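Take a look at the structure set out below.
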Amino acid sequence: VLETIGIPYAGCSTRASANGMDKITMKMILRECGIPVVDFVWFTDRQWFKEKDSLIKTVEDQLGYPVIVKPSDLGSSIGIGCAHNREELIEKVADAARYTSRIIVEHMVEQLQEINCSVLGDCDDCRPSVLEEPIKTTEILSYTDKYMGGTKGTEGMQASQKKIPADLPEALTKEIQHMACETFRVLSCHGVSRVDVIVDRADGKVYVNEINTIPGFTSISMYPKLFEASGIPYSELIDDLIALALEA
């Protein structure tokens, strides 16, 4: 609506958010641009019900187990599950299909370390924040980890456990920051976004997991905190976002 009537706003465009919020589309764009993502297979719910046996074979041949099953267009870990065998795969796909018609199955990095990086600017000139490491209590970072601090008694997203800055070697930190900025660039992002990456502890490889093109001020990342740790105070961050909106 704001684009249609010509009012400046802070944040990504409709196109950037549409591409970034759909995991299938995002990974296709990143892979085409040489940005590493884990191997994946995708299909629609109708394909699954019509071609289940052949799709199971494709997953097993191309990815093997374990895998992670996700709705393509949801966040907050809703509908996400791990499958370690064929029976679990069928169960997790059925669960994901409750939420979406497009489902993605990804190779699961077993020795993973999840790292987040916020990016500020536009696709031609952007800068990364310091990195953070969310702390998970289960095999994957769950809804409870993100929004309830890992327990039922904590106070929402701000209570979630994290390390800021993440305890990583300098070379790996720079690699992840560069990868976050490249993701921001190729998706034509604007304003501020958060890029989530996976580090495979087994071989040191880094993969982009997803991007949040409209991170909330109180989301798990709390991006103002990341930029404050990067030397950009809250008031300056707001000034930058307003200036970027007017420039766009």
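Does segment 35-52 contain any residue that is under 24 Å from residue 134 (Cα atoms), open to solvent by 40 Å² or more (accessible area, probe 1.4 Å) and within 20 Å of the chain's Cα centre (by Cα)? So that I can check it myself, show each step before the final result.
Pass one, segment 35-52, residues under 24 Å from residue 134 (Cα atoms): 35-40.
Narrowing the set further to residues that are open to solvent by 40 Å² or more (accessible area, probe 1.4 Å) leaves 36, 39.
Then keep just the ones that are within 20 Å of the chain's Cα centre (by Cα); that gives 36, 39.
Yes - at least one qualifying residue is present in segment 35-52.
How about segment 22-68: which of its residues are touching a Leu at 6+ places or on another chain (Cβ under 7 Å) and closer than 15 Å to residue 99 by Cα?
Correct list: 43, 48.
Hey, any hits in segment 171-179 for a residue that's basic (Lys, Arg), at pLDDT 95 or above and over 18 Å from residue 223 (Cβ atoms)? Reasoning before the result, please.
Residues of segment 171-179 basic (Lys, Arg): 174.
Add one more test, that the residue is at pLDDT 95 or above, and what stays is 174.
Add one more test, that the residue is over 18 Å from residue 223 (Cβ atoms), and what stays is 174.
Among the residues of segment 171-179, at least one is basic (Lys, Arg), at pLDDT 95 or above and over 18 Å from residue 223 (Cβ atoms), which makes the answer yes.
Which count do you get for residues in segment 62-79 that are under 15 Å from residue 209 (Cβ atoms) and open to solvent by less than 50 Å² (accessible area, probe 1.4 Å)?
9
Checking residue 4 against (1) under 30 Å from residue 188 (Cα atoms); (2) at pLDDT 95 or above; (3) part of a helix (DSSP H, G or I): exactly one of these is not met. Which one?
Looking at each condition in turn, residue 4 falls short on (2).
Every residue, every condition in (1) in contact with a Ser or Thr (Cβ under 8 Å, 6 or more places away or on another chain); (2) closer than 16 Å to residue 198 by Cα; (3) modelled with pLDDT of 95 or more; (4) not hydroxyl-bearing (Ser, Thr, Tyr), yes or no:
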residue	(1), (2), (3), (4)
90	no, no, yes, yes
98	no, no, no, yes
102	yes, no, yes, yes
106	no, yes, yes, yes
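The values are calculated or read from the model by the stated rules, or taken from the named source; none is laboratory data. These numbers come from a predicted model, not from an experiment. We place every Cβ from the backbone using ideal geometry, glycine too, and count neighbours over all the protein chains shown. With ligands, DNA and RNA removed, areas are computed over all heavy atoms of the protein, side chains included. Shrake-Rupley method; radii C 1.70, N 1.55, O 1.52, S 1.80 Å.
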